[in-house]
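Trainee: Here you go, one structure.
Here, each number is a calculation from the coordinates, and none is a lab measurement. Predicted model only: the values in this text are computed from it and were never measured. Cβ atoms come from the backbone with ideal geometry, glycine included; neighbour counts cover every protein chain shown.
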Amino acid sequence: MRLSVASDRDCRGGTSNDFEGTSPGGGELIQDRVAALEELRCEVLRCEACDLYQTRNQVVFGSGTCDAALMFVGEAPGKNEDLQGEPFVGQAGRLLDTLLDEASIDRTDVYIGNVLKCRPPGNRDPRPEEIEACKGYLRRQLELVDPMVVVTLGNFSTKLLLKTELGITRLRGRSYQWWRGKTLIPTYHPAAALRGGERIIEMMREDFKLMRSVLDGETSTSDSSEARQLGLFG
Ligand code: URA
C-alpha cells in the first residue's frame, strides 16, 4: 500500500532548523519518514530564510508519496503554484502530466519538489542566495523520500544536484550514477519545452523513456567519464 503525505495536516509542531548529517530515508521506517516529511513541511511553511517569504502567497513544499521510486525536481513555483500551494499545476504541469501518462506513470505514485519553495516575483530566475537558503529543504526531502530515480527538470535543479556548470542540452539524454546509489536523469524544464516546441518535447519523451527503462531495471546507468558517483549537491 502506498502512503501519501496529506497537505492539510496540522502544522503546530516545532522542528529543528538543521538537517545536515541526518540519516538517509532508506534506514528509517516508512511511517517515521512520513512523519519527518510532515514536520519538515511545517517548518518550511514558516520559513523566512530569504526575502521570497515577503512576496509569496503560499509555500509550495512538494507533493506526492513518501515511498516514491521516482522524484522530480523542478525550479521554483510559478503563479498558479503560488496560488494553489502545489507544484506543477499550471501549463508546465499539464505537459508533465501528459509525459507521465505516456510513460504509464500515475502522478500520485511520484514525488514532485522544487529547488525553491517560494515563487520568485514575476517568475524571474532563482538567485544564488535563495538557492543557498532553500537547498537544505530539498536535501532533506531527497533523504526522506529516498527515490531510486531522480529526474531534474531544467538547468537550475540539474546544476544544483549534479554540481556542474554544464547546461541541460549537454547533460540530458543519459543517466548519471548519483548520491547513495540513485540514478539521476536530467531533462528539459516543461516550460522550456512549451516555448521550444515539438522538437524539445520529443527529447523530453526520449528522456522519459530512459527513466521508465531505468525504473523497470532494463537499463543500467550510463557508464562514461561524466557519470560519476556524486555527493549530494556536490
Ligand atoms: N515550474 C517549476 O519549476 N516548478 C513548479 O512547481 C511549477 C513550474
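Trainee: Using the charge dipole of region 26-215 (Lys, Arg: +1 at Cβ; Asp, Glu: -1 at Cβ; taken about the Cα centre), state which of 167, 190, 83 has its Cα farthest towards the positive end.
Mentor: Of 167, 190, 83, it is 167.
Trainee: While we're on this one: On a full-extension model of 0.36 nm per residue, what is the gain between residue 177 and residue 94, subtracting their alpha-carbon distance, rounded to one decimal in nm?
Mentor: Value of the extension gain: 27.0 nm.
Trainee: While we're on this one: By per-residue mean of other Cβ atoms within 10 Å, what is the highest-first order of 57-64, 132-139, 154-161?
Mentor: Ranked by mean Cβ neighbours within 10 Å, highest first: 154-161, 57-64, 132-139.
Trainee: Over what distance in Å are the Cα centres of region 114-162 and region 50-84 separated?
Mentor: Value for the Cα centre distance between the two parts: 9 Å.
Trainee: Taking 8 Å as the Cα distance limit and 6 or more residues as the minimum spacing, I'd like the relative contact order of region 26-215 as a percentage.
Mentor: 24
Trainee: With charges only on Cβ, +1 for K and R and -1 for D and E, what is the dipole size of region 26-215 about its Cα centre, in debye, rounded to 20?
Mentor: Dipole of region 26-215, to the nearest 20 debye: 580 debye.
Trainee: Quickly work out the residue 35-to-residue 201 label distance, labels modelled 7 Å from Cα along the C-beta direction, and quote it in nm with one decimal.
Mentor: Reported label-point gap for residue 201 and residue 35 is 4.6 nm.
Trainee: Rounded, prolate or oblate: which fits region 19-177 when a ≥ b ≥ c are the square roots of the eigenvalues of the alpha-carbon gyration tensor, with rounded for a/c under 1.5 and prolate only if a/b beats b/c?
Mentor: Rounded.
Trainee: How would region 98-147 be classified by its alpha-carbon gyration tensor: rounded, prolate or oblate, with rounded meaning a/c under 1.5 and the a/b versus b/c comparison settling the rest?
Mentor: In terms of gyration-tensor shape, oblate.
Trainee: Counting only Cα atoms, I'd like the Rg/Rh figure for region 160-204, Kirkwood definition for Rh.
Mentor: In region 160-204, Rg relative to Rh is 1.02.
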